[in-house]
Amino acid sequence: MGSKTSRWFPVLWTAVVGGLVLVSCSKTVSLGPTRTAEGIPSRAVAVVHEPCEVGSPSAQKMDANGDGKPELITVTSGGRQVCRAMDLNHDGRIDRYAYYDRDGLLRRVESDYDRDGRTDEIAIYRAGVLVEKHREMNLDGRLDAWVYYENGVLVKQERDTDGDGHVDEWWQYSPGKEPGDPPCVVIVKDIDGDGTPDPGTLIDSCRPPSEVLAPGTLPVYDTGSASAPPPPPPPPPTPPGWCARGGRWVKNPV
């Protein structure tokens with residue numbers, strides 16, 4: 001996200017029974033319950049490699065560059081492809097394993113991105129479509145990010161940023177406001193370690209700095225009062241570095 005961090009600003013957070021609702025400029029999303037009856041839920045963090053019998057008699061090896069080290073090993077069973085092992089950078093070590101279901105569709109991929117011989121990411125597929133990614137991001141050998149997709153599209157992410165086995169960041173993705181815009185990201189964090197998002201931590205990548213209150217968050221006045229409510233405040237001035245375009249604030253191009 002890097003350069004977009006400066007566009008994240010606090011917005012309204014609302015606790016509801018059984019979960020949390022995020023009210024953002026893009027949509028209202030529910031993250032669901034974050035606590036179990038037994039307490040703060042923990043995650044399975046072990047990075048477990050699924051065997052791929054590259055040394056079996058059925059394994060077919062391909063050495064594309066003739067260096068004596070296969071770049072692709074395909075394992076079959078009963079006439080169907082079971083898994084593949086790939087050396088993507090020709091260093092003689094496997095960087096990626098791919099596994100297939102009985103219909104020949106991709107069901108799992110294990111990837112080693114930093115070439116240290118350990119799995120950094122496990123991608124899960126159903127009927128050949130990506131549904132989840134389990135990631136090891138801080139090089140401690142334990143899973144700390146769980147990413148979810150619907151119809152192959154990124155929708156949410158959960159992170160364990162301090163390595164204690166408990167999720168403490170929730171990321172929700174939704175389409176940008178206009179075609180071609182990057183996705184909107186809503187993030188909440190658990191600072192005090194109780195397993196639930198904390199007030200004041202909600203940030204939204206699609207909310208300009210001039211917007212402090214979400215729609216519907218103006219003060220509620222007593223209808224029985226004799227005094228009339230004050231008029232709404234004037235629109236805020238254009239913040240430096242921003243301009244109005246298409247009915248919303250956008251960052252001026254550099």
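The values are calculated or read from the model by the stated rules, or taken from the named source; none is laboratory data. If you're wondering where the values come from, they're calculated on a predicted model, not measured in any experiment. Note: ideal-geometry Cβ built from the backbone for every residue, glycine included; neighbour counts use all protein chains shown. Protein only, heavy atoms only, side chains kept; ligands, DNA and RNA dropped before computing areas. Shrake-Rupley method; radii C 1.70, N 1.55, O 1.52, S 1.80 Å.
Inside the range 125-155, can you point out the residues that are among the acidic types (Asp, Glu) and over 18 Å from Asp114 (Cβ atoms)?
To start, the set of residues in the range 125-155 that are among the acidic types (Asp, Glu) comprises 132, 136, 140, 144, 150.
Scanning the range 125-155 gives Glu132, Glu150.
Can you name the residue in the range 141-160 that is over 18 Å from Leu130 (Cα atoms) and under 13 Å from the mean Cα position of the chain (by Cα) and, of all such residues, is most open to solvent (accessible area, probe 1.4 Å)? The residue in question is Arg159.
The set of residues from the range 51-66 being open to solvent by less than 70 Å² (accessible area, probe 1.4 Å) and either more than 18 Å from Tyr100 (Cα to Cα) or out of contact with any Phe, Trp or Tyr (no Cβ under 6 Å at 6 or more places or on another chain) (or both) comprises Val54, Ser56, Ser58, Ala59, Asp63, Gly66. Remark: pairs (first residue in the range 166-190, in a loop (DSSP other than H, G, I, E, B); second residue hydroxyl-bearing (Ser, Thr, Tyr) and open to solvent by 50 Å² or more (accessible area, probe 1.4 Å); Cβ separation under 7 Å; 6+ apart in sequence or on different chains) = His166/Ser42; Asp168/Thr161. Looking at Glu169, Glu136, Glu71, Glu121, just one residue is touching a Phe, Trp or Tyr at 6+ places or on another chain (Cβ under 8 Å) and open to solvent by less than 40 Å² (accessible area, probe 1.4 Å), and that residue is Glu121. Residue-level check: of (1) open to solvent by 40 Å² or more (accessible area, probe 1.4 Å); (2) within 23 Å of Val48 (Cβ to Cβ), Leu130 misses just (1).
Kindly indicate whether any position in the range 100-117 is part of a strand (DSSP E or B), open to solvent by less than 40 Å² (accessible area, probe 1.4 Å), modelled with pLDDT of 95 or more and in contact with a Cys (Cβ under 8 Å, 6 or more places away or on another chain). Yes, the conditions are met somewhere in the range 100-117.
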